[in-house]
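First up is the structure itself, then whatever we jot down about it.
The values are calculated or read from the model by the stated rules, or taken from the named source; none is laboratory data. Note that the structure is predicted; figures quoted are calculated from it, not measured. Virtual Cβ from ideal backbone geometry, glycine too; neighbours counted across all protein chains shown. These accessible areas exclude ligands, DNA and RNA; they are computed on the full protein's heavy atoms, side chains included. Shrake-Rupley method; radii C 1.70, N 1.55, O 1.52, S 1.80 Å.
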Amino acid sequence: MMKIKTRKGLKKVFIYILNVVFSLLFILPLVWMIASAFKPEHRIFQDIGSYKAFLPVGFTLENFEQALRRVPMLRYIANSVTYISIIMVISLVFNSLCGYALAKFKFAGRKQMLAVVISLMAFPFESIVIPLFMVVNKLHLLNTMAGLIVPFTARCFSIYLFRQFFLDIPDELLEASEIDGSSKLRTFFVVVIPISGPVFATVFILDFVLRWSDFLWPLITIIDSNLRTVQLGIQTLFTDPPIYYGPIMAALVMAVLPMLVLFLFFQKYYVQGISTTGLKG
């Protein structure tokens, strides 16, 4: 009995150490980036190889000043926040309604429609980018904010997550609301949404990070510099000489900060949503 307990204890210690090691592998590059953003240019690579690489030795804000002077990062961040906010509002409503219909309504072709949604999840965005570009071009939406928004108001993975969460909502609760005189749409907005915070937070975070990090689509659809997104702004620092890594690190910190703040605020709901969204058919 003691041997079994000892083995279990050693196994837990090993797993704990393994988690710490992998956590450091993920966190240390982020720490290095943040520390480098506050260092003089010459110290960024000079300190590599020692613990000083992860400390803001010679603390300065000059990198942020240069980044903002060379590239209108605040405008690009505002552009990204604007179009992503519009996408989030539309997609949360649209995708949740689609997921709710697939989970709770019985209609002809429901299983086939669900199969199509799941199948489309297997296609990477790069495989449809050319036909999508042609469609947007035909609609005369290139180089417009609408061209960034319209193609991404629906997402199969989000629909599937909503559908899986809504499956766990008791039908009796919905039927009681309808007996009280609520329509199906009113039942969704008054009854379902208030108890579905975790899945909405999960979808919001996943979609926000995906759109915030998107580089390819804005690159091929936006020409006007006033409409550039934050990722295009960062790329400018890599391509337009002179190339200094201090301002690049500062721009990256400004780009990462909104995602970190967002995750810290919604972390509780995100974890809850991931744990409660089942994968049953």
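Table for the structure above
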read-out	value
Scan of region 187-217 for residues that are touching an Asp or Glu at 6+ places or on another chain (Cβ under 9 Å) and either under 18 Å from LYS268 (Cα atoms) or surrounded by 13 or more Cβ atoms within 10 Å (Cβ to Cβ) (or both), ordered by number	THR187
Tally of residues being hydroxyl-bearing (Ser, Thr, Tyr), open to solvent by 50 Å² or more (accessible area, probe 1.4 Å) and within 28 Å of SER225 (Cα to Cα) across region 112-160	1
Meets criteria (polar (S, T, N, Q), at pLDDT below 90, over 17 Å from LEU210 (Cβ atoms) and in a helix (DSSP H, G or I)) for SER119	no
LEU257 being open to solvent by 70 Å² or more (accessible area, probe 1.4 Å), modelled with pLDDT under 85, out of contact with any Leu (no Cβ under 6 Å at 6 or more places or on another chain) and not aromatic (Phe, Trp, Tyr)	no
Residue match in region 44-59 (condition: more than 10 Å from GLY246 (Cα to Cα), assigned to a helix (DSSP H, G or I) and modelled with pLDDT of 90 or more)	no
Residues of region 45-73 that turn out to be within 15 Å of ALA251 (Cα to Cα) and not aromatic (Phe, Trp, Tyr), as a count	13
Residue within region 15-31 that is part of a helix (DSSP H, G or I), in contact (Cβ under 8 Å) with a residue 40 or more places away in the chain, over 30 Å from PRO151 (Cα atoms) and not small (Gly, Ala, Ser) present	yes
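So that you can scan it fast, the table gives a plain yes or no per residue for (1) polar (S, T, N, Q); (2) under 28 Å from VAL203 (Cβ atoms); (3) surrounded by 17 or more Cβ atoms within 10 Å (Cβ to Cβ):
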{"site": "THR6", "(1), (2), (3)": "yes, no, no"}
{"site": "ALA37", "(1), (2), (3)": "no, no, yes"}
{"site": "GLU41", "(1), (2), (3)": "no, no, yes"}
{"site": "ILE44", "(1), (2), (3)": "no, no, yes"}
{"site": "PHE59", "(1), (2), (3)": "no, no, no"}
{"site": "PHE64", "(1), (2), (3)": "no, no, yes"}
{"site": "SER85", "(1), (2), (3)": "yes, yes, no"}
{"site": "SER96", "(1), (2), (3)": "yes, yes, yes"}
{"site": "GLY99", "(1), (2), (3)": "no, yes, yes"}
